[in-house]
Amino acid sequence: MSLRGRLATALALFLAVVGLALWVVFGFITPTTPTTDFTSAQPAGSPVNLTIQAVGAIGFGPHPTWVSYLVKTPAGKWIQSTIWKLPAHTKVNLTIMQYDSGSPLRNQIWGQVAGTQGGTELLNGKPISFYNSYGGNGVGHTFAVPAIGLVVPLVGVPSSAPNICGTAPCTPNYAHNVIKVSFTTPSAGSYSWQCFVPCGLGTLYGNGGPMGALGYMGGFLDVTA
Amino acid sequence: MTATARRHEVMTSTPEEAEYELRQSINSYWTGGRLLVGMFTFFVASLAFTYFYLRSSNSGGLWRPAHVTAPTGTGAAIFAFSAVAALLAVVGYRRFQSGGVQDWKVAGWTAVMALVIAMGLQIYQLTQLPFYPGSSGYASTFIAWAVTNVFLLICLLYWMETLLAQSMRLRSALPVGETVADSASPRAQKFRGNLESCTFFFQFAAIVAVLFWALIYLI
Amino acid sequence: MTDTSTREPRHFARMFVLWLVVAGVADALFYTLAGPHVPPGTMTTSAKDNQFDFNVLLVIALPVLIAVWIYMGYAIVMWRSTRKGVAEPVGGAVARGNKGVQFAWIASTSTIVMGLFVFGTVALINGAGSGGGEGPNPVWSPNSKAPLQVQVIGQQWKFTYRYPSFGGFETTQLILPNNTTIEFHVTSLDVTHDFWAYQLGVKADANPQLDNVAYTTTRETGSVTVRCDELCGIWHGAMYNYGRVISPAAFEAWATATQRASVANTKLLPPYALTYVPDANGADGGLYPTNVDPYSASEVYGAKVAAS
Amino acid sequence: MSVIDAVPVTDSEPTEDYVNLGVFGRLTHRRGWLSQHLGTAVIGFVLGYLLGHWLGNVVAGGYSYVQNSGQNNVADTGGLLLGVLGWLFGAGALNYPIAKMMGREPAEERFDPSWTRYFRYTADHKVVGLQYIFSVLTFLFTGGLLAMAIRTELLSPTSHAFGPGTYIAIVSEHGTVMMMMATSIVVGPFGNWLVPLMIGARRTAFPRVEAFSFWTFTAGYLVIMSALFYGGFPTGWTGYAPLQTQAGAGMMSYLVGFAVIGMGMMAAGFNLAVTIVTCRAPGLTWGRLPIFVWSVLATAALLTLATPTLVAGGFLGILDRTAQTAFYVNEHGGSSYLWQNLFWFFGHPEVYIMALPGFGIVAEMLPVFTRKPLFAYKVAAAGMLGVALLSFFVWQHHLFQSGINPDMRPLFMLTTELISIPTGFIYLVGLGTLYKAKIRFEIPMLFALALFFNFLIGGVTGVFLSDVPVNVQVHGSFFVLAHFHYTIMGGLVFAFFGGIYYWFPKMTGKMMNKTLGKIHFWMMFIFFNLTFFPMFIIGLLGQPRRVFEYAQNLQTLNDIASVSAFFLGASFVVFVANFVWSIFINPVAAPPNPWDSLGLEWQTPSPVPYYNFERIPVIMADPYHYSEPNAPQLADLGVGSDRTDEKVEVGK
């Protein structure tokens, strides 16, 4: 082979390796959770209405049995997305539809509502400041943003309820609790949120599976100025 | 033939060189056998460390709930068969050294049978456990030892079996009137080096068997 | 052999003078300018001691580094081969291994090392463990009679704190009084975490069902960064919070107020204990099956799990 | 035991039944596409994986590690293990071990002149050495790409390029791949290629074990890369339990991968240690052994003896995740400390496995480029053995704040600081050899000098870390990260590249391009320091390892590190260009002894004959007599008069 031929072969092989690397990067290691934009849904300054739901089994995707949050897009569609773009220093009216059953908490501190307007949450219309997870229906999940001190315990539906929602997205026809809180977004930045109930079904300490993967039981508030 | 090709293809050793390299080969068996024992020692010592570490930390009071022991009868039988195999290997080697090739072969094949039985019992015992593997530190350690023991027995089996098979083929290859125990042929010399290492390894395995039998079933 | 007509320069004298000047200046500059600002500052006794320890080590290390660099630089400049191609061999006395130099090297490195060991051990014992985790039974503890006990509970992925002397309330904030000896009891609800209170000079692993004690005494008020320092899963990087050291009076006020505010929830917490783990299972059952008695291998491994 | 199978290449007996491996022999000796080679190994891996996965589902059907998840770790483990077995079978590694059970003798391997020998299972240590070079470079560059991904994420103090789970998976994969690579980066290529030549042997003691170590090493690469397809693992290279027990299926790739690589490490170390002990040429006393061989001996001892502990730890982890034992789960009678003890008992000797061969390489090159004997040869050899021995007694310095044995901290502080004394010997050797030398700044020498610069910073910061009070502040931070990159990358990887430039002419008969080499060196040296030095400060300022979020005020320093890291990565592109250019595109024939070295490896003809030495050499001196114009003859090669054309002029 001529010098030129060898050079061309080497370059072609090099490009093939680069292509393989890019395929791995984009096929396997870049994020797959979509971002939902709430910054342009309302006029600037007015409160953002954010509606999410917690379901016992997502029912689709690579892990259909995993517990998950879903979010209602500004267009009114339920999707699996846990990165939400929000405007800074703005009031957020958060409505959480809780379709999952609950259990006693490993650490009851997450039964305490914190960081919300008035330090309370509205559980099916009634304000509460903490929930005893050892009684009642227990707590199914929490919606918590540690960096701003927000903790919202999501009281579970009775596990004996006849119409437990099997797979997402759930409609209000199924047994559910409605939890409403308001909080104000901080200054611009990326704030992680997660659930503090070990709900990673069956994994050691309950914190594997959906608890250890983005897009199910944790995500970011992507706050922009 | 070009110089380069000849360089790669032709390699005739002088008799001195052949002798020197034969010594190297035999020494390699000796050194390798010892190093192999060192390697296995670190592995089983890690398991023994695990045993004592979990026993002394007794996390959650769950080192070993009262009266939980792997089946002792099967355990004793596994130990007995392993020990007999090691004993046969050593005694057979003694006979081999004094020229009793046939005695060694009989002892060797018997040892192989004993190892097969020990291995079978060990696998059988794993299916008949009275406890759940994750129920206690002892239960976990037992599982690790049982699996290791199967592996160790396979190694012993393999080594002894290959030597026996080799000795059978060697018999026809050696000059008439010589046996593998006394022949001066390089192959017989290397065979003896290999056998010496193998016997050494059997002694090591016997110590391990005693130690773990005591740890798992006695104390 | 070197030509006797050209005088061989006194290499070691040159290097020594150069070293003395550079190392002296570097040490003096570091100790006076950078030293007082070396992390983690002086907010607590352990932070201050550890800072001093670091500074001492660096003051010893700088001359060593500089000595080697000066020597290598000198060698590269002075003893490069000037000839194109292969240099002629270097013969004579310099080609022989000098026993005295070898001995001096080994003796001096050994002396430095033993000195550092003694210094480190004294610092560790005098510093009551230097703010590091000392396991459940600390061997070195401060003289203070009544340290303030604070339990640090790591869980995936947040630290919470309990104050047993205030009714055992649990909070997500780390607030400490100034001029007080603190006794941290670090434990975990799940995997291994590590409690690193940066400005306090405290670091201790959090292990499930184990108590890891660390001591420090606060000296200054200010803000504290707490980070998890042992990889604990997906949100390890987000497992941090900020605490504060405040005046004892303000602390008393904060603690009693928080105790009062959280009294309802505190009642529901398990009684204060040095380890704190209900079970290894998640909300909906755990990794290990619970119903394995009587145990059957085929039940556990072969059983078809009903799809829900 | 399959490992006891010396190849009697010199046996002069008739070979009729001797070469006969039965049906497997026919497989081994066939050539062309229908034989066994890399391709069949890949097919074997895939088939083995599928078979093992199916088998796992059969023996543990319906059992899933995590309820309802469909994740069956028994099947995953079975797949990976049988995949490795299939790989070895496909490559031909198991032919002889099976034939041996029928009492057959090893076949004498004939020299294969075809280039395809580089893709085959061969016992030729020179081919294995070159196979290793390409493999460790693949490992290194894969890990390097992952490092680029890490630095991309750390360009900003918040999560931006990858999700946090992905980031942890990348970090873990990077650490594990690099650690696996670094254990073999010198011992694999240079140990196998050079040691027999340096000690005057015609082969290693157990050539098939040597080949086995290589093919196990490559199988380990496939297993650890499979983690990416399983979704990665979240534990970093240290694999701390119980996070290990909680993690997803990718964890199996880590545990099985380390066990498989561990097998390869043990095999490689075992073979080289025995070779050095038993196969030295006559006259090659311990006092004449090249210093590189000493370093390989110390490393081989560590590989052989420390690795079983890692394999045991991984074995327990595999049992935890498949048989549901509870070794690492405190609530079920296990202990999370157990893994930390087992892992670091291996882990600390491991880092010296990565330091010693680097010292050996530079100590071997220094006399050549200074035209002086090696200063303090005995001290250097003693230092290497001292480091190897002491490294077994320092492991708990990784656990100073863990709460394990707190009363033992002064002891481990002492042992750790003591180890810096024998480590310091390499500086005694280096500085002593430079004294009044005639230094030639060839590219290998540049890398050697760079090692002394980098390792000094890495070593001194190691003393900081061994001091318990300072350790409280810097443990687990970027300070540690900078420290070990300075020792492993600044030390070992620099030495490795120096070794490539130095021995490349001997191995391939071609010279590497000097200009590209200089560009590579300076880029690598400058940007290595610019990448990792800021990390000391980043760590001191409070950034823990393996985080995707850090304090805003650390962004400038992190960005400096990241941008430098990209240039550091680019320097390897220069190297690859040089490597490919010099081998394949525009090869320039190398002189037989381009550096004018006295080493025995340079006295053999180029290319080195299949059996290395036509006559076993008789060694008559140590190879460092550069100071004498008429150096004593190193060895009597005993080559006949018909070989004058190939006789090499050495030592001027």
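The values are calculated or read from the model by the stated rules, or taken from the named source; none is laboratory data. Worth saying up front: this structure is predicted, and the values here are computed from it rather than measured. Don't worry about glycine lacking a Cβ; one is built from the backbone with ideal geometry, like all the others, and counts go over all protein chains shown.
Let me confirm something: among C:D49, C:D53, which residue is touching an Asp or Glu at 6+ places or on another chain (Cβ under 9 Å), in contact (Cβ under 8 Å) with a residue 12 or more places away in the chain and facing another protein chain (nearest Cβ under 8 Å)?
Working: C:D49 fails: touching an Asp or Glu at 6+ places or on another chain (Cβ under 9 Å).
Going through C:D49, C:D53 in turn, the sole match is C:D53.
What do you reckon, is D:G269 touching a residue at least 12 places away in the same chain (Cβ under 8 Å) and assigned by TED's automatic domain parsing to the domain that holds D:V394?
When the stated conditions are applied, D:G269 does not pass them.
Quick one: what pairs do we get from the stretch A:59-82, first residue on the phi > 0 side of the Ramachandran plot, second of a type outside the set (F, W, Y) and crowded, with 16+ Cβ neighbours inside 10 Å, C-beta under 8 Å, 6+ apart or different chains?
From residues that are on the phi > 0 side of the Ramachandran plot, the pairs are A:G59/A:A168; A:G61/A:Q80.
For the stretch C:116-150, enumerate the residues that are over 17 Å from C:T217 (Cβ atoms) and either at the interface with another protein chain (Cβ under 7 Å from one of its Cβ atoms) or of a type outside the set (S, T, N, Q) (or both).
C:L116, C:F117, C:V118, C:F119, C:G120, C:T121, C:V122, C:G135, C:P136, C:V139
Of the residues D:S172, D:S135, which is in a helix (DSSP H, G or I), within 9 Å of another protein chain (Cβ to nearest Cβ) and within 27 Å of the chain's Cα centre (by Cα)?
Details: D:S135 fails: within 9 Å of another protein chain (Cβ to nearest Cβ).
From the options D:S172, D:S135, the qualifying one is D:S172.
Return the only residue of A:N207, A:N132, A:N137 being over 27 Å from C:N241 (Cα atoms) and either away from chain C (no Cβ under 11 Å) or of a type outside the set (G, A, S) (or both).
Exactly one of A:N207, A:N132, A:N137 is over 27 Å from C:N241 (Cα atoms) and either away from chain C (no Cβ under 11 Å) or of a type outside the set (G, A, S) (or both), namely A:N137.
Could you list all residues from the stretch C:40-53 that are within 13 Å of the chain's Cα centre (by Cα), buried (at least 23 other Cβ atoms within 10 Å of the Cβ) and of a type outside the set (S, T, N, Q)?
Matches in the stretch C:40-53: C:P40, C:A47, C:D53.
Please determine, by comparing only the residues of the stretch D:259-292 that are surrounded by 24 or more Cβ atoms within 10 Å (Cβ to Cβ) and more than 14 Å from chain B (Cβ to nearest Cβ), which one is nearest to the chain's Cα centre (by Cα).
D:I261
Out of the residues in the stretch A:174-225 that are under 13 Å from the mean Cα position of the chain (by Cα) and among the polar types (S, T, N, Q), which is surrounded by the most Cβ atoms within 10 Å (Cβ to Cβ)?
The residue in question is A:S192.
Within the stretch A:34-58, track down each residue that is assigned to a strand (DSSP E or B), more than 17 Å from A:I164 (Cα to Cα) and either without any contact (Cβ under 8 Å) to a residue 40 or more places away in the chain or not hydrophobic (A, V, I, L, M, F, W, C) (or both). Walk me through it before giving the result.
Within the stretch A:34-58, the first condition is being assigned to a strand (DSSP E or B), and the residues that meet it are A:35-37, A:48-55.
With more than 17 Å from A:I164 (Cα to Cα) added as a condition, the list becomes A:35-37, A:48-52.
Residues satisfying the conditions are A:T35, A:T36, A:D37, A:N49, A:T51.
Can you tell me how many residues in the stretch A:169-204 are farther than 24 Å from C:N241 by Cβ and either modelled with pLDDT of 90 or more or more than 14 Å from every other protein chain (Cβ to nearest Cβ) (or both)?
Narrowing the stretch A:169-204 to residues farther than 24 Å from C:N241 by Cβ: A:169-180, A:201-204.
When the remaining residues are screened for being either modelled with pLDDT of 90 or more or more than 14 Å from every other protein chain (Cβ to nearest Cβ) (or both), the result is A:169-180.
So the count comes out to 12.
I'd like to check something: does the stretch B:193-213 contain any residue that is surrounded by fewer than 20 Cβ atoms within 10 Å (Cβ to Cβ), without any contact (Cβ under 8 Å) to a residue 24 or more places away in the chain and either among the acidic types (D, E) or more than 14 Å from B:A86 (Cα to Cα) (or both)?
no
Kindly evaluate D:G458 against the criterion of being more than 8 Å from every other protein chain (Cβ to nearest Cβ) and under 19 Å from D:Y377 (Cβ atoms).
no
Return a yes/no flag: does the stretch D:24-39 have any residue that is assigned to a helix (DSSP H, G or I), away from chain B (no Cβ under 14 Å), under 29 Å from the mean Cα position of the chain (by Cα) and modelled with pLDDT of 75 or more.
Yes - at least one qualifying residue is present in the stretch D:24-39.
State which residue is surrounded by the most Cβ atoms within 10 Å (Cβ to Cβ) when the search covers only the stretch A:117-146 and only residues that are of a type in the set (V, I, T) and closer than 23 Å to C:Q156 by Cβ.
Only one residue tops the list, namely A:V139.
May I ask you to list the residues in the stretch C:170-194 that are at the interface with chain A (Cβ under 9 Å from one of its Cβ atoms) and over 25 Å from A:G200 (Cα atoms)?
Across the stretch C:170-194, the qualifying residue is only C:Q173.
Does the stretch D:171-191 contain at least one residue that is closer than 30 Å to A:Q194 by Cα and either surrounded by fewer than 24 Cβ atoms within 10 Å (Cβ to Cβ) or touching a Pro at 6+ places or on another chain (Cβ under 6 Å) (or both)?
The answer is yes, given that some residue of the stretch D:171-191 is closer than 30 Å to A:Q194 by Cα and either surrounded by fewer than 24 Cβ atoms within 10 Å (Cβ to Cβ) or touching a Pro at 6+ places or on another chain (Cβ under 6 Å) (or both).
From C:V59, C:V21, C:V38, grab the single residue that is among the aliphatic types (A, V, I, L, M) and at pLDDT below 90.
C:V38
Give C:V245, C:V263, C:V202, C:V191 a once-over and let me know the one that is in contact with a strand residue (DSSP E or B) (Cβ under 9 Å, 6 or more places away or on another chain), surrounded by 24 or more Cβ atoms within 10 Å (Cβ to Cβ), of a type outside the set (K, R) and over 24 Å from C:S141 (Cα atoms). Show your work before the answer.
Values: C:V245 fails: over 24 Å from C:S141 (Cα atoms); C:V263 fails: surrounded by 24 or more Cβ atoms within 10 Å (Cβ to Cβ); C:V202 fails: over 24 Å from C:S141 (Cα atoms).
After applying the criteria, what remains is C:V191.
Against the condition at pLDDT below 95 and either at the interface with another protein chain (Cβ under 9 Å from one of its Cβ atoms) or under 29 Å from A:G208 (Cβ atoms) (or both), how does C:G233 come out, does it pass?
yes
With B:G99, B:G134, B:G60, B:G75 as the choices, which residue is in contact (Cβ under 8 Å) with a residue 60 or more places away in the chain and in contact with a helix residue (DSSP H, G or I) (Cβ under 9 Å, 6 or more places away or on another chain)?
On inspection, the qualifying residue turns out to be B:G75.
Go over the candidates B:G73, B:G177, B:G120 one by one and state the one that is on the phi > 0 side of the Ramachandran plot and surrounded by fewer than 17 Cβ atoms within 10 Å (Cβ to Cβ). Give the derivation first.
Numbers: B:G73 fails: on the phi > 0 side of the Ramachandran plot; B:G120 fails: on the phi > 0 side of the Ramachandran plot.
Among B:G73, B:G177, B:G120, only B:G177 is on the phi > 0 side of the Ramachandran plot and surrounded by fewer than 17 Cβ atoms within 10 Å (Cβ to Cβ).
Based on this model, can you work out whether D:T433 counts as closer than 20 Å to C:Y71 by Cα, over 21 Å from the mean Cα position of the chain (by Cα) and facing another protein chain (nearest Cβ under 10 Å)? It would help to see each step written out before you state the result.
On the way: closer than 20 Å to C:Y71 by Cα: yes; over 21 Å from the mean Cα position of the chain (by Cα): yes; facing another protein chain (nearest Cβ under 10 Å): yes.
Spelling it out, D:T433 is indeed closer than 20 Å to C:Y71 by Cα, over 21 Å from the mean Cα position of the chain (by Cα) and facing another protein chain (nearest Cβ under 10 Å).
Kindly indicate which of A:L20, A:L7, A:L3, A:L15 is at pLDDT 90 or above and either among the aliphatic types (A, V, I, L, M) or closer than 30 Å to A:Y69 by Cβ (or both).
Step by step, each of A:L20, A:L7, A:L3, A:L15 is checked, and only A:L15 is at pLDDT 90 or above and either among the aliphatic types (A, V, I, L, M) or closer than 30 Å to A:Y69 by Cβ (or both).
List, please: which pairs have Cβ atoms under 9 Å, are six or more places apart or on different chains, and start with a residue in the stretch D:97-125 that is at positive phi and end with one that is among the small types (G, A, S)?
Close Cβ pairs (under 9 Å, with a partner that is among the small types (G, A, S)) amount to D:G103/B:A165; D:G103/B:S167.
Looking only at residues in the stretch A:56-115 that are of a type in the set (F, W, Y) and at the interface with another protein chain (Cβ under 10 Å from one of its Cβ atoms), which one is surrounded by the fewest Cβ atoms within 10 Å (Cβ to Cβ)?
Here is the first cut: in the stretch A:56-115, the ones of a type in the set (F, W, Y) are A:60, A:66, A:69, A:78, A:84, A:99, A:110.
Still in the list and also at the interface with another protein chain (Cβ under 10 Å from one of its Cβ atoms): A:66, A:110.
On the way: A:W66: 24, A:W110: 27.
Residue satisfying both the conditions and the ranking: A:W66.
Would the stretch B:76-85 turn up any residue that is over 23 Å from the mean Cα position of the chain (by Cα) and modelled with pLDDT under 95?
no
Output the number of the condition that C:A255 fails; it satisfies all remaining conditions of (1) assigned to a strand (DSSP E or B); (2) over 30 Å from D:D407 (Cβ atoms).
The failed condition is (1).
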